[in-house]
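Trainee: I'd like to ask some things about the structure below.
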Amino acid sequence: MADYNSLGLTPEQEDKYIDNAFHEVLNGYLNSNHRKKVEIIKRAYAFAKEAHKGIRRHSGEPYILHPIAVAKIVSQEIGLGSTSICAALLHDVVEDTEYTVEDIEMNFGKKIAMIVDGLTKISGGIFGDKVSAQAENFRKLLLTMAEDIRVILIKMADRLHNMRTLGSMLPSKQYKIAGETLYIYAPLAHRLGLFAIKTELEDLSFKYQHPEQYEEISQKIRETEGSRGAVFKDFAAPIHEKLKEMHLKGYTMTARVKSNYSIWHKMETKHVPFEEVYDLYAVRIVFDCDADANEKAICWNIYAAITDLYNLHPSRTRDWISSPKANGYRALHLTVMGPDGNWVEVQIRSKRMDDIAERGFAAHWKYKIGESDEESELETWLKTITDLLKEPGPDAVDFLDTIKLNLYATEIIVFTPKGDMLTMPKDATVLDVAYELHSEIGSHSIAGKVNHKLVPISYKLQSGDQVEVLTSQSQTPQPEWLNYITTAKAKTRLESALKKQRKRISEKGERIVEQIIFDYSLENPNEFISKLMALFHLMTRDDLYYAIGSGTLEITENTVKSLCKKSNSLLTRIWPFSSRSKKEQTEAEADEEKLSTMKPAIDMKKTYVLRTENGVHNYRIATCCNPIPGDDVIGYVDDKQNVIVHKMDCETAMRIKSSFGNRLVATRWEESPLVTTSLATISIEGIDRMGILQELIHEISTNMAINIRKLDIEAKEGVFAATLIIRVTDASFVNRLCRQLKRIEGVKLAVRTS
């Protein structure tokens, strides 16, 4: 339908527009193979329309258009039936209107009411404004998933429509929602097999977090479309001839371009420009098949036909037919050398496999093709999550990170000595397998045997390994084991075992701090503890007490004196021999209080301009990512109204966007030239030759007049690698330098790494 905001409609026209939008949902449902329960869907629409009457979204459109859009995604993009469509139409009624869950149950039955109730419990996104609420909301979400997976599928549709209409929100809201989506919803969609939705969520998140890079990649994809088409035509022509000889009933062969986000992510992780992303597209062959039993044979016949024509990459064949992914994905992948000398990935699927891959295994698993006696791998995963939630959990942010470990995982298959198969995340270790088998086995692990060879518990497993865990009753869990585990289950079980030990150590540290407070007659212990945490970069009091109790940190008299010099409010209270009089101290505290109250509050709805005046910044640089002027950045406003600037894609910023959305402020660098300089690190790689180091230094220090702070270079077997640390004024300067360095003969890579 046309963009609503471009239409100037009368109330009558608006009502007709809404009805037309609903009929698009209804017609799509009637064209599906679900049982036709039209009457209840019409009643749900009428109920929701009346409940949301007069309410509008931020964009100005009638609110009812949102649940209609969610219902359309649920029906036509995920493939769910009447129960889900009704729940989607009603999903905001309980939260936003006077109606209750009991009203929904009375009108539409227990099942729809239960789904709407589940959606209401996790409303407002996975995260709330308070960190403590995040884990609870996420637990509710996952526990509800185990009860009825349609809750999370409808929630995915809700988030997708919110992302599609994110342009009407304030920039600070856009950053929060986009960050939250990339952090949790996209990997969760991937895990549930909603590939198309996962890709769109990633792209939309990327678009709102890095608009310039998004547009730049979009432009380059458009510019290279012609050349890609010609290469694909040359590649596909001989394959078409081979497949015709096989007399396939029907098939399609298409070239699918990587998403903008995937291309950007590869450019960032591999430190390569767009032109060097060689696997820009994959070829997909989708064939018709009357009997599911014949799918595997046809896939391998097509594989044989392609490898007769092109050379195969020996280590990049993936048989997801014999061993499907946990999200239900089935396909045969191979990579061959194309006629232009570049590797091309080919994905071979039946129409049924393709439908499951694109629209989600969950919809087919239970609600489209009926109940099955066979235990679903997806159901097994949901059971694992439920078990995890019953464990004594870590704090909120750690809990989300723990879950994220499993959401992002790529599976490998390993075997027990008896031949039982275990699906584990990529990079899983012997210790992960031990905890997967039983928490007691994990806690007493001393080593492992992989393919009958003795290995440490930290050994990373490969797909196909046979694993035996060796134990000893005298062994106990060790803190360093946290570095050896990958799965959420192992992490949770290990942390639970370490918790009692940590508590004893923390209590010892707390007693030490209390003794210091007593010895110096400190009147404001909370301020002193806060300053200790800031000094040692610790997030919580428990971290501080544990570090002191374990002997990692020692609070000396010099440490206390150093804190006192930096704080007038601590100085006279800790040090009674201060030379300042009581009157002077009182005046100083009054001045400090006055300055604090005079500091203007940050307007979160406006873009905050990052300035430097007389050498003083109106912002602080985050030490985790050290952004420099010109970088894409986001501001976090702390309790004292300081704006701390992070790179948009820094890991800490990702957590902030997910956890503290209400403290985010959109930022931009001051346009006038800044006199301040920042440190930047550049990695350089290339072919070693006589005089190349001299050329590098000449280009940096003479031609571009840059202040070199450090240069490390190592040459080995004909290649060199260098790390360069320089002082620069902004990010564009670094980009220009990288371009200049790559023009030097032999330099193959020059990229900023921090």
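Please treat every number below as a calculation from the coordinates, not as lab data. Just so we're clear, the structure is a prediction, and the values are computed from it rather than from any experiment. All Cβ positions, glycine included, derive from the backbone under ideal geometry; neighbour counts span all protein chains shown.
Trainee: Once each part is reduced to its C-alpha centroid, what is the distance from segment 63-107 to segment 7-57 in angstrom?
Mentor: 11 Å
Trainee: Of the listed pairs Lys155/Lys266; Lys418/Lys460; Lys155/Lys198, which have alpha-carbon separations greater than 25 Å here?
Mentor: Values: Lys155/Lys266 29 Å; Lys418/Lys460 20 Å; Lys155/Lys198 13 Å.
Too far apart for the 25 Å limit: Lys155/Lys266.
Trainee: Right, something else. Given a Förster distance of 30 Å, report the FRET efficiency between Ile713 and His265 from their Cβ-Cβ distance, rounded to the nearest 0.05.
Mentor: Numbers: r = 29 Å, r/R0 = 0.97.
It comes to 0.55.
Trainee: Using a Förster radius of 56 Å, what is the FRET efficiency between Asp688 and Lys426 based on their Cβ-Cβ separation? Nearest 0.05, please.
Mentor: The value I calculate is 0.95.
Trainee: Apply the Karplus curve 6.51 cos²θ - 1.76 cosθ + 1.60, θ = phi - 60°, to the phi angles in segment 86-99 and return the couplings in whole Hz, x for Gly and Pro.
Mentor: 4, 4, 5, 5, 9, 5, 9, 5, 5, 6, 9, 10, 7, 6
Trainee: Please list, in order along segment 450-463, the HN-Hα scalar couplings obtained from phi with the Karplus expression 6.51 cos²θ - 1.76 cosθ + 1.60 (θ = phi - 60°), rounded to whole Hz, x for Gly and Pro.
Mentor: Karplus-based 3J(HN,Hα) across segment 450-463 equals 10, 6, 6, 10, 5, 9, x, 5, 7, 4, 7, 8, 10, 4 Hz.
Trainee: I want to check the label-to-label distance for Ala230 and Ala297. Put each point 7 Å from Cα in the C-beta direction and report it in nm to one decimal.
Mentor: According to this spin-label approximation, the distance is 4.3 nm.
Trainee: While we're here: Amide H of Asp631: which non-local residues (sequence gap of 5 or more, or other chain) have their own amide H closer than 5 Å, using H built in the peptide plane?
Mentor: It is Ala731, by chain and number.
Trainee: Sort 624-630, 32-38, 87-93 by packing, meaning the average of other beta carbons within 10 Å per residue, with the highest value first.
Mentor: Answer by packing, highest mean first, reads 87-93, 624-630, 32-38.
Trainee: Mind checking the full-extension length gain between Asn311 and Arg56? Use 0.36 nm per residue of separation minus the Cα-Cα distance, one decimal, nm.
Mentor: Working: separation 255, 0.36 × 255 = 91.80 nm, distance 5.82 nm.
Length gained between Asn311 and Arg56: 86.0 nm.
Trainee: Report, in whole Å, the centroid distance computed from the Cα atoms of segment 519-550 and segment 716-744.
Mentor: 41 Å
Trainee: Run the numbers for Leu170 and Ile725: contour at 0.36 nm per residue of separation, minus the present Cα-Cα distance, in nm.
Mentor: 196.1 nm
Trainee: For a Förster distance of 30 Å, can you work out the FRET efficiency between the beta-carbons of Glu95 and Asp638, rounded to the nearest 0.05? Mind dumping the intermediate values first?
Mentor: Values: r = 31 Å, r/R0 = 1.04.
About 0.45, to the nearest 0.05.
Trainee: Taking θ as phi - 60°, what are the ³J(HN,Hα) couplings along segment 185-190 by the Karplus curve (6.51, -1.76, 1.60), each to the nearest whole Hz, with x for Gly and Pro?
Mentor: 5, 4, x, 5, 4, 4
Trainee: Could you list the residues of segment 79-93 with an amide nitrogen less than 17 Å from a label point located 7 Å from the Cα of Lys37 in the Cα-to-C-beta direction?
Mentor: 79-91
Trainee: Continuing with the same structure: Check which residues have an amide H placed less than 5 Å from Lys37's amide H, if you skip close sequence neighbours.
Mentor: Here the answer is none, since no amide H 5 or more places off falls under 5 Å of that of Lys37.
Trainee: Let me check against my output: what whole-number percent is the relative contact order of segment 235-352, with C-alpha pairs under 8 Å and at least 6 apart?
Mentor: Relative contact order for segment 235-352 comes out at 29 percent.
Trainee: At 0.36 nm per residue, minus the direct Cα-Cα distance, what do Met246 and Leu498 gain on full extension? Give it in nm, one decimal, please.
Mentor: Details: separation 252, 0.36 × 252 = 90.72 nm, distance 6.07 nm.
Full-extension gain reported as 84.7 nm.
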